[in-house]
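One structure is given here, and the rest of the page talks about it.
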Amino acid sequence: MSASAAPLKEISPKGMARIIGGLLLVSIVAGGVAQGFIGGSLIVPGDASATAANITTHQSLYRLAFAVYLIEMSCQIAMTVLFYQLLKPVSRSLALVAATLGVVGCTVKTMSRLFFFAPLLLLGGAHYLAEFGPKQLEATAFLSLRLNSTVETMAMVFFGLFAISKSLLVLRSTFLPRFLGVLGVIGGLGWSLYLYEPLAHRAEAWIVGTGVLGALTEVLWLLIKGVDEERWYVQASAARASIWL
């Protein structure tokens, strides 16, 4: 058999865990840069005209934020799929539920970025927008950014449910520490508060604090420790055996 026809080597559980940790870290950094640094410097709360002027003046920077958002979501989708592979020895059905919730959250959040991109089209000076006045375009662009935020909030609910179901798998696993599962459940409950946005805004500091703490703890553990491979293989073998019992 030629080298090119040789089968690809499977990623080890520890290697998979470290890839997940790296993807999670990139998604956290990318989201922080795009939303906190770039978006926070260009979008002026409650001021459509100032926001429109910032976007028009710094179009390249705004487009960079959009590109970084797409990198963030690509990493989250890949991370969700790999988490399914890593955690399915615990419970294939619950791992599938968790992965489905995560992918739906990623899909909704990716769709929200269409509203983030829309101001570039509205404020780009295209001839077919000549019927609208400058103030109308500025207000519509600002409304689009509000819709971006609202749809993103919807995605947070799915991410919260994903975090809870994933963390239940971690708690039942033998190859990851239980404290990661506890932190994940707490963080997931926080994100789930976006089911009622006014309450979530009141508790935003707590939600973000617990979410970031849990995510960074998970990143450090996965990058440094990974998983206990021996226990992973034992649990995977037990799961395969139980299918045929």
>> Could you give the length gained by full extension between residue 29 and residue 111, i.e. 0.36 nm per residue of separation minus their alpha carbon distance, to one decimal place?
In response: 27.5 nm
>> Given axes a ≥ b ≥ c from the Cα gyration tensor, I'd like to know whether segment 21-166 is rounded (a/c under 1.5), prolate (a/b larger than b/c) or oblate.
In response: prolate
>> Tell me the angle of helix 134-172 to the major Cα principal axis of the chain, expressed in degrees between 0 and 90 and rounded to the nearest ten.
In response: 10 degrees
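Could you estimate the translational diffusion coefficient of the chain from the Stokes-Einstein equation, with Rh from the Kirkwood formula over C-alpha pairs, at 25 °C and 0.890 mPa s, in whole µm²/s? Provide the component values of the computation, followed by the final result.
Details: Rh = 19.8 Å.
D, rounded to a whole number, is 124 µm²/s.
Could you size up the charge dipole of the chain around its Cα centre, putting +1 on the beta carbon of Lys and Arg and -1 on that of Asp and Glu, and report it in debye to the nearest 20?
Details: 17 positive and 12 negative charges, 140 e Å.
In debye, rounded to 20, the chain gives about 680.
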> What is the spin-label model distance, in nm, from residue 202 to residue 44 if the labels are put 7 Å beyond Cα along the C-beta direction?
Replying inline: 3.2 nm
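Ranked highest first by average number of other Cβ atoms within 10 Å, how do 208-215, 197-204, 101-108 line up? Can you show the working numbers first?
Details: 208-215: 16.8, 197-204: 13.1, 101-108: 20.1.
Taking the mean over residues of other Cβ atoms within 10 Å, the ranking is 101-108, 208-215, 197-204.
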>> Can you show me the helix-derived [θ] at 222 nm for the chain, built from DSSP H runs with n ≥ 4 at -39,500 (n - 2.57) apiece and divided by the number of residues, rounded to the nearest 500.
In response: -26500 deg cm²/dmol
>> Could you put 84, 196 in order of accessible surface area, largest first, with the 1.4 Å probe and the full protein assembly present?
In response: 196, 84
> Of 110, 149, 215, which is farthest on the positive side of the dipole of segment 98-245, counting Cα position, with +1 on Lys and Arg Cβ, -1 on Asp and Glu Cβ, and the Cα centre as origin?
Replying inline: 215
> So which trypsin sites (Lys or Arg not before Pro) in segment 1-93 end up in coil per DSSP with only 11 or fewer other C-beta atoms within 10 Å?
Replying inline: 9
> Put a dot 7 Å past each Cα toward the Cβ at residue 229 and residue 85; how far apart are the dots in nm?
Replying inline: 1.5 nm
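What number in nm² do you get for segment 101-245 if you take the convex hull of its Cα atoms and divide its surface by four? Each step should come with its number before you reach the end.
Details: hull surface 50.4 nm².
Dividing the Cα hull surface by four gives the mean projection, 12.6 nm².
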>> Assuming 0.36 nm per residue, please report the length gained on full extension of the stretch residue 195 to residue 12 beyond their Cα-Cα distance.
In response: 62.1 nm
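Sequence gap at least 6, Cα distance under 8 Å: using those rules, report the relative contact order of segment 101-221 to the nearest whole percent. Before the final figure, lay out each step's value.
On the way: 138 pairs, mean separation 28.4, N = 121.
Worked out over segment 101-221, it gives 24 percent.
May I ask you to order 131-142, 163-174 by the average number of other C-beta atoms within 10 Å around their residues, highest value first?
On the way: 131-142: 15.2, 163-174: 21.5.
Packing proxy ranking, top to bottom: 163-174, 131-142.
The values are calculated or read from the model by the stated rules, or taken from the named source; none is laboratory data. These numbers come from a predicted model, not from an experiment. A quick note on method: Cβ atoms are made from the backbone with ideal geometry, for glycine too, and the neighbour counts reach across all protein chains shown. Calculation scope for accessible area: heavy atoms of the full protein, side chains included, ligands and nucleic acids excluded. Shrake-Rupley method; radii C 1.70, N 1.55, O 1.52, S 1.80 Å.
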